[in-house]
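Worksheet for the structure shown next.
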Amino acid sequence: MQNKIYPETFHFQDEWKIDGISIKNLAEKYGTPLYVIDKKTLITQAQKYINSWKKYYKNKFKVLFAIKALPILEVIRIFYKEGLGFLVSTGGELFIARSAGVDSHKIYFHGNAKSIHELEYAIKENIGAIIIDNFDEYEKIKFLTDKHSTSIKVLIRLIPNIEVSTHKSIRTGQIDTKFGLPINQVYELIERIRKEKYIDFKGLHAHIGSQIFDISAYVKLAEVLSEIYNNLKSANTNIEEMSIGGGLGIAYTKDDNPPEIEDLAYQVSQKFEETIGHHFTLICEPGRSLVGRAGITIYKIESRKEIPGIRKYVSVDGGMSDNIRPSLYGAKYSALLITSNESTNTIYTIAGKHCESGDILIRDFEDKWPNYGDYLITFSTGAYNFSMFTWYNATVRPGVVLIENGKDRLIVKRDTYEDLLRGQI
Ligand SMILES: Cc1ncc(COP(=O)(O)O)c(C=O)c1O
């Protein structure tokens, strides 16, 4: 379990530590709940992507970090230094990427309901490419590029009609989806774009879902993309770039067996080799698999209770505000208790502090019975925890600490009560 779930530098040496730093000390220094990010894991994951494509794909490739997974300036800067590009899904994410100092050409922008203001912002910034989702978006881009007499590069998002076995809320490749266009409409849109002076068609984009364990779904996607590539080539339309999206799964519990990044690169490269060759720039857009395992969350145990014959509850000082995924779609997590209590193992439910019965972080967790004030760590919280923060119950957002070369550094300050009033009149 440890190799799959723990950050690279998490270890036991007299006590639980991350890169030599005591978890207990971190909790005491910065307060809880606290998000902790291990830089070594971020870099390890980024290098796995880069080295794997380098090894198997015989042409240019781009690894774009989907910043929705962890939109933090310092994390973006770390990946930028490693050579990654960035995928944004809103004007806000574009603003964060630019504020981190990312060159606009390294930014791709997807999303199914981009506003005219967001598109204008992207066009003025002259970003790497806008990934067009629908005909209305094309009309908006046409209006804006004509208005400013300026060009923009575009990819088109298609629905590959591939069902993957992941939670239905994070499945996106099936025909009944709000993301992208059916393939026949993609051809129609390309025809229209070809007549445009300022819209520069560069290629195709697809994303089949998130937390995917089955690489054969990506191989099927490569087949679908290859077929369209060939059809367009026969119609004299050149494709320079194709994106296979993100979505590679990670381990949240000991039962999860996610595939290797290298295997994704190998199998997808093989498939393209067999079908159309490596004649285009390949793009992938990982989020979760770059940052998920790098993150842990430290909570303090605030209360314990037993409903005799029914259940034991242990409540922590965070919950659905800092990690909404268990209550949103039943996501499972692993945890570790830091305690001096020598009791034998027992089974209990770890509850959040929020005013919803569904605010449960882990059901039927087994460990020692904690003392009040002990700390509990949840693992694999680097992706879609900080970014999905909700301030329900006027909860302040936890701080984020980066662990780097045996040192801890605050990279996002904990909110204050005053922050809760921001914007209120
Ligand atoms: C188009 C697109 N690409 C990439 C991603 C990143 O997915 P993941 O974090 O599962 O890798 C998403 C996530 O929603 C997405 O919508």
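The values are calculated or read from the model by the stated rules, or taken from the named source; none is laboratory data. All values reported here derive from a predicted model rather than from experimental measurement. Cβ placement follows ideal geometry from the backbone for every residue including glycine, while neighbour counts extend to all protein chains displayed. To get the accessible areas, we keep the full protein, side chains included, count just its heavy atoms, and leave off ligands, DNA and RNA. Shrake-Rupley method; radii C 1.70, N 1.55, O 1.52, S 1.80 Å.
Out of all DSSP beta bridges with both ends in the chain, state the antiparallel percent to the nearest 5.
50
Alpha carbon centre of the range 220-252 versus the range 348-425: separation in Å?
38
Report, please, the projected area of the range 39-288 averaged over directions, based on the convex hull of its C-alpha atoms, in nm². Could you put the intermediate results ahead of the total?
On the way: hull surface 50.4 nm².
If you wrap the Cα atoms of the range 39-288 in a convex hull and average its projections, you get 12.6 nm².
Any lysines with Cα under 19 Å of the K305 Cα? List them, leaving off those in the same chain fewer than 8 positions away.
K353, K368
Considering only the other residues whose Cβ falls under 13 Å of the Cβ of K271, what net charge follows from Lys and Arg at +1 and Asp and Glu at -1? Show your work: numbers first, answer last.
Details: positive: K220; negative: E223, E227, D263, E273, E274.
Residues near K271 contribute -4 overall.
Compute the distance from the alpha-carbon center of the range 29-80 to that of the range 96-112, in whole Å.
Cα centres, the range 29-80 to the range 96-112: 15 Å.
Which of K147/K195; K106/K178; K114/K140; K39/K81; K24/K407; K24/K332 have a Cα-Cα distance over 19 Å?
K106/K178; K24/K332
Please report the relative contact order for the range 307-360, taking Cα pairs under 8 Å with a sequence separation of at least 6, and give it as a percent rounded to a whole number. The partial results should precede the final answer.
Values: 54 pairs, mean separation 29.3, N = 54.
Across the range 307-360, relative contact order equals 54 percent.
Scattering from the C-alpha atoms of the range 124-228 alone, worked out with Debye: what is log10 I(q)/I(0) at q = 0.24 1/Å?
The computed values of log10 I(q)/I(0) come out as -1.23.
Could you check what % of the DSSP bridge pairs in the range 39-288 are antiparallel, to the nearest 5? Intermediate results must be reported in sequence, preceding the final value.
On the way: 1 of 29 bridges.
Percentage antiparallel, nearest 5: 5.
Assuming R0 = 35 Å, can you tell me the calculated FRET efficiency for the pair S216 and S387, based on Cβ-Cβ distance, to the nearest 0.05?
On the way: r = 29 Å, r/R0 = 0.83.
Between S216 and S387 the formula returns 0.75.
With +1 assigned to the C-beta of every Lys and Arg and -1 to the C-beta of every Asp and Glu, and no other charges, what is the dipole magnitude of the chain about the Cα centre in debye, to the nearest 20?
560
Please compute the volume of the convex hull spanned by the alpha-carbon atoms of the range 317-384 and report it per residue in Å³.
Numbers: hull volume 5.8 nm³, N = 68.
So the per-residue hull volume is 85 Å³.
Give the aspartates and glutamates reachable from K29 as a straight Cα distance under 12 Å; neighbours fewer than 8 places away on the same chain don't count.
D408
With the contact rule set at Cα under 8 Å and sequence spacing of 6 or more, what percent relative contact order holds for the chain? If you can, show how the numbers build up before the last one.
Working: 929 pairs, mean separation 83.7, N = 425.
Relative contact order here is 20 percent.
Using the beta-carbon distance between K29 and S343 and R0 = 22 Å, what value does 1/(1 + (r/R0)^6) give for FRET efficiency, to the nearest 0.05?
Values: r = 28 Å, r/R0 = 1.27.
The computed FRET efficiency comes out at 0.20.
Quick one: work out Rg over Rh on the C-alpha atoms of the range 74-135, Rh as Kirkwood radius. Can you show the working numbers first?
On the way: Rg = 11.2 Å, Rh = 11.6 Å.
Reported Rg/Rh, Kirkwood definition of Rh: 0.97.
Return the calculated 222 nm mean residue ellipticity for the chain, to the nearest 500 deg cm²/dmol, obtained by summing -39500 (n - 2.57) across DSSP H runs with n ≥ 4 and dividing by the residue count.
Working: 12 runs with 127 residues, N = 425.
Calculated from helices alone, the mean residue ellipticity at 222 nm is -9000 deg cm²/dmol.
Relative to the present Cα-Cα distance, how much length would full extension add between Q270 and Q185 at 0.36 nm per residue of separation?
Details: separation 85, 0.36 × 85 = 30.60 nm, distance 2.84 nm.
Roughly 27.8 nm would be gained on extension.
Averaged per residue, what accessible surface does the range 39-288 expose to a 1.4 Å probe, in Å²? Each step should come with its number before you reach the end.
Details: 10250 Å² over 250 residues.
Spelled out: the 1.4 Å probe surface of the range 39-288, per residue, equals 41 Å².
When N counts the residues of the range 356-425, how does its alpha-carbon radius of gyration compare numerically with 2.2 N^0.38 Å, as a ratio?
Normalised Cα radius of gyration, the range 356-425: 1.41.
Need one number: convex hull volume per residue for the range 218-257, Cα atoms only, in Å³.
That works out to 57 Å³ per residue.
Compare the peptides 8-18, 285-295, 321-331 by average per-residue count of other Cβ atoms within 10 angstrom and give them in order, highest first.
Numbers: 8-18: 15.4, 285-295: 27.2, 321-331: 19.1.
Output ranking for 8-18, 285-295, 321-331: 285-295, 321-331, 8-18.
What residue among V36, P160, W53 has its Cα farthest toward the positive end of the dipole of the chain, where the charges are +1 on Lys, Arg and -1 on Asp, Glu, each on the Cβ?
Checking the options against the dipole of the chain, the answer is W53.
Could you check how much of the accessible area of the range 109-192 is carbon and sulfur, as a whole percent, using a 1.4 Å probe? Mind showing how you got there, number by number?
On the way: 1810 of 3740 Å².
Carbon plus sulfur share of accessible area: 49 percent.
Per 10 Å bin, what percent of the C-alpha pairs of the chain does each bin hold, from zero upward?
4, 21, 29, 24, 14, 6, 1, 0
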